[in-house]
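The values are calculated or read from the model by the stated rules, or taken from the named source; none is laboratory data. Since the model is a prediction, treat every value here as computed from it, not as a measurement. When we count neighbours, we look across all protein chains shown, and the Cβ atoms used for this are built from the backbone with ideal geometry, even at glycine.
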Amino acid sequence: MPDQWRVPYMFLLSFIFGLYLMASTLVLFAIAADENSLFVRAGAPSLAINTYEGQARMRGLIYMQARGSGVRTARRPAGRKVS
């Protein structure tokens with residue numbers, strides 16, 4: 001058991017991290033949904049949300065973005081002392 005619980009600090013960090021995830025997902029969605037983006041002009045498949053295939057690809061892209069963000073934050077940075 002820890003000597004002290006820092007619940008307000010954890011709630012603040014969780015809230016800030018949630019805002020970051022929401023904003024990055026919205027930016028990713030806006031870029032990926034644009035049919036005239038640099039990615040489409042470079043030859044990447046279109047993620048237009050007006051087709052079933054585009055919707056499925058968009059869901060996969062957003063899932064991978066959210067999954068990757070969670071994995072990157074699950075580990076404690078090396079050398080940092082837990083208090």
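Look at (1) assigned to a loop (DSSP other than H, G, I, E, B); (2) charged (D, E, K, R); (3) surrounded by 10 or more Cβ atoms within 10 Å (Cβ to Cβ) and you find that ASP3 fails only one, number (3). Regarding PHE15, is this residue under 24 Å from ARG67 (Cβ atoms), out of contact with any helix residue (DSSP H, G or I) (no Cβ under 9 Å at 6 or more places or on another chain), among the aromatic types (Phe, Trp, Tyr) and assigned to a helix (DSSP H, G or I)? Yes: the conditions hold for PHE15. With respect to (1) modelled with pLDDT of 85 or more; (2) under 22 Å from the mean Cα position of the chain (by Cα); (3) exposed (fewer than 10 other Cβ atoms within 10 Å of the Cβ), the lone exception for ALA74 is condition (1).
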